[in-house]
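We did not get these values from a lab; they are worked out from the coordinates using the rules stated. These figures come from a predicted structure and were not determined experimentally. So basically every Cβ, Gly included, is an ideal-geometry build from the backbone, and we count neighbours across all protein chains shown.
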Amino acid sequence: MSRTQTEIVEHAATPAAAPSIPADPAALRALSAAEVDALLPHLRRSLLDIVAASGGHVGPNLGVLELTVALHRVFDSPRDPIVFDTGHQAYVHKMLTGRPDLAGLRTEGGISGYPSRSESEHDLVENSHASGSLAWALGLGMAFSADAAALSDGSRSRTSVAVIGDGALTGGVGLEALNLAVDHPHARTVFVLNDNTRSYAPTIGGLARCLSELRSGTAAANPFEVLGYRYIGPVDGHDVHALEAALTQARDAAGQGAVPLVHAVTAKGRGLLAAELHEVDLWHAHGPFDITTAQSTPDPVPTGPGATWTDRFAATVLGIADQRDDMVALSAAMIDPVGLTPMQQAHPARVLDTGIAEQVTLDIAAGLANAGQRPLVALYSTFLTRAIDQLLMDIGLHSEPVTITLDRAGVTGDDGASHHGIWDLALAAQVPGLEVCAPRDGQRLEDALRRRLGGDEAPTGPGLIRFPKGSVGPDVAAAASVPAGDVLFASSDAALACATGEALDAEAPTLIITIGSLAARAVAAAKTLAATGAEVLVIDPVIALPLAGPLLDLCARASAVVTIEDGVRERGIGAALRFALADRGVQVPSAVLGVDQAFIDHAKRDAILSREGLDAEAIAEAAARLR
């Protein structure tokens, strides 16, 4: 019989005499089996109420509810640290460790969407980049094994636990730890494989086929046993009592000669029909919604075609793919979030999902480029950091014409420190010959993509195109194009003359160089300055790196230079420009505006940008101080 959304919600409804969520894991362990059974539907409904109001990682957390309860009943957190991989599946963990309401989830000053040491001693690893949990837990377990010899009071040794999804297990660090851990059979560590056949999308590769055979009982050999693990499973990941039995067996076996691995089979989105049946990502991440209808709460951000940067990217890439058979696209388990779904639907053979494996993605792209294809690697900015060696030594060193696009570049907001894309410009600035574009608007994004991927002549070297999260906004028109870039504002004909290199009969202008989507703020700041009588010129260099000679020449003609970028200011474009000017012996007052080199908590993008001095008022004030 088919189920309706209403039936699902009623199934998760709070019982008439709903038990309260335990205040801590000790209280949870004190419950009887019957009391746990009564708690589960209340816990699920509480979770649904919270994520319906706030949005967040809905599917992953619904899927691990029973597993999380079982973990906290068998292990003694924080004495036995639990490392969730990735941390977006830790909502229930937080609810069971003193944060039952997840107050202010993913809003400024509220509970983070990931584990956070500042919130609780139960949150040891603030991980949101996948695949590191096994290595973390192995290191902890090796130390706990060494400590065990010192226990003389008969108490149980500490045990570390890693909870890793099958999607995260496709990552290189996870596979490296899986290979290494069997050589440390006395490490007091338990690996828990949360097998839901997904990351964002279905898990890919040979690992997915092996797990499918294990689930169905048709495996000719168990790869974990072949490697040397003590395999326990597969276990129904929604049977809390079966999970407790399996985890207890694993806990007692830890450190006794083989690392235990518990294979729990779960369903992402469990208990919310709309999530369970969602084809793309089972509501991996979702905005606020009506809990009875599962309809999204109206969003102030427009949602029509081309409304977001990702939409504009998706439409442009599809158009290029329709015209060029040699254009191929790759992404690391992020096909839909980065906007490759339309191309995948139209040209499935030319879109490759590599799993959570950014390093191998870049190297495959290097090989494709060398063989004459035009590869596009589409990532979130924050995940580029996982493949810097490949960018520098495999693509940069060989000058392979790979195009990398970075969605969610700059300050992103709700997901916090690990997901802000503020490092890419600083890293890109260290790669010799890498062409970097930070389009100021949707039209410039299209232009950059078409120039790199759709032109008659292939690019001669690697390129990176970055753009932010959210609504793309109106285009920022150029008043003129000059060798240094696009002139977005000139306070007078004299200021414009400075841009073209003509002789000046007036005060040299303050030059504002804007990188990326902050261009409208730069223009607004310039207009404020011009209203005070200042001469101001705003330039978008279009290609931010390598620094062009005409841009450096223009800086030498200006009275002061201000650079603006949505990235860490100490190592980015502005810093590179300062160094280049100093190398030329150019002495001009300057200000580099950007993001502080720090880990920034979750808050709305505009609020963070204002705090970092990147709103129009602060830009104008910084420029005025140089006059």
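Observations, loosely collected:
- Rounded to the nearest 5, the antiparallel percentage of DSSP beta bridges internal to the chain is 20%.
- Near-label residues of the range 67-82 by backbone N, under 15 Å of a point 7 Å along Cα→Cβ of L31: 67-75
- Placing unit charges on the Cβ atoms of the charged side chains and taking the dipole of the range 36-177 about its Cα centre, the candidate lying farthest along the positive direction among A162, G55, G139 is G55.
- 25 Å Cα-Cα reach of K94 towards lysines, excluding residues that sit fewer than 8 places from it in its own chain: K268, K604
- Full extension of the chain between T218 and D601 yields a length gain of 133.2 nm, computed as 0.36 nm times the residue separation minus the alpha carbon distance.
- Alpha carbon centroid spacing (whole Å) that separates the range 153-219 from the range 245-295: 14 Å
- Using 0.36 nm per residue and subtracting the Cα-Cα separation, the extra length available between D239 and D447 on full extension is 69.6 nm.
- Each Lys and Arg Cβ is given +1 and each Asp and Glu Cβ -1; about its Cα centre, the range 299-393 then shows a dipole of about 140 debye.
- Each peptide among 541-548, 137-144 gets the average number of other Cβ atoms lying within 10 Å of its residues, and from highest to lowest they stand as 137-144, 541-548.
- C-alpha long axis of helix 573-583 to longest principal axis of the chain, angle in °: 50 degrees
- The string of couplings for the range 86-95 from the Karplus curve (6.51, -1.76, 1.60, θ = phi - 60°) is 8, x, 5, 9, 9, 4, 5, 3, 5, 4 Hz, one whole number per residue in order, with x for Gly and Pro.
- Gyration tensor (alpha-carbon) shape descriptor, the range 309-466, a/c threshold 1.5: rounded
- Within the range 309-466, percent of DSSP bridges classed antiparallel, to nearest 5: 5 percent
- Rounded, prolate or oblate (a/c below 1.5 giving rounded, otherwise prolate when a/b exceeds b/c) for the range 551-627 by Cα gyration tensor: oblate
- 5 angstrom amide H check on Q597, placed H, neighbours 5+ away: R569, E570
- Along the axis of the charge dipole computed for the chain (Cβ charges of +1 for Lys and Arg, -1 for Asp and Glu, origin at the Cα centre), the listed residues G355, G421, A219 are led at the positive end by A219.
- Gyration tensor verdict on the range 436-552 (Cα atoms; rounded if a/c is under 1.5, prolate if a/b is larger than b/c, oblate otherwise): oblate
- At R0 = 56 Å, FRET efficiency that the Cβ-Cβ distance of D456 and T107 yields, to 0.05: 0.70
- The range 418-440 versus the range 28-72: alpha-carbon centroid distance in Å: 40 Å
- Here the calculated FRET efficiency for R209 and T341, from their Cβ-Cβ distance with R0 = 22 Å, stands at 0.40, rounded to the nearest 0.05.
- Among G174, I404, Q597 - extreme Cα towards positive end, dipole of the chain, charges at beta-carbon: G174
- Relative packing of peptides 474-481, 599-606 - highest average C-beta neighbours within 10 Å first: 599-606, 474-481
- Ordering of 230-236, 71-77 by burial proxy (mean other Cβ atoms within 10 Å per residue, highest first): 71-77, 230-236
- Residues whose amide H lies under 5 Å from that of V482, counting only those 5 or more places away or on a different chain, are V487; hydrogens are built 1.01 Å from N in the peptide plane.
- Annotation: amide H-H contacts under 5 Å for L352 (H modelled 1.01 Å from N, sequence separation of 5 or more, or interchain): A329, L330, S331.
- Label-point gap, in nm, between A477 and A506 - each point 7 angstrom along Cα→Cβ: 2.1 nm
- Set of aspartates and glutamates with alpha-carbon distance to K527 below 15 Å, sequence-local pairs under 8 removed: D493, E535, D615, E617, E621
- For the range 103-109, 3J(HN,Hα) computed residue by residue from phi via the Karplus equation (6.51, -1.76, 1.60; θ = phi - 60°) reads 4, x, 3, 6, 10, 4, x Hz, glycine and proline entered as x.
- Additional length obtainable on full extension of the chain from E279 to L227, 0.36 nm per residue less Cα span: 15.3 nm
- Here the range 346-405 and the range 527-546 have alpha carbon centers that stand 35 Å from each other.
- Basic side chains Lys and Arg get +1 at the Cβ, acidic Asp and Glu get -1 at the Cβ, and with that the dipole of the range 18-87 about its Cα centre reaches some 80 debye.
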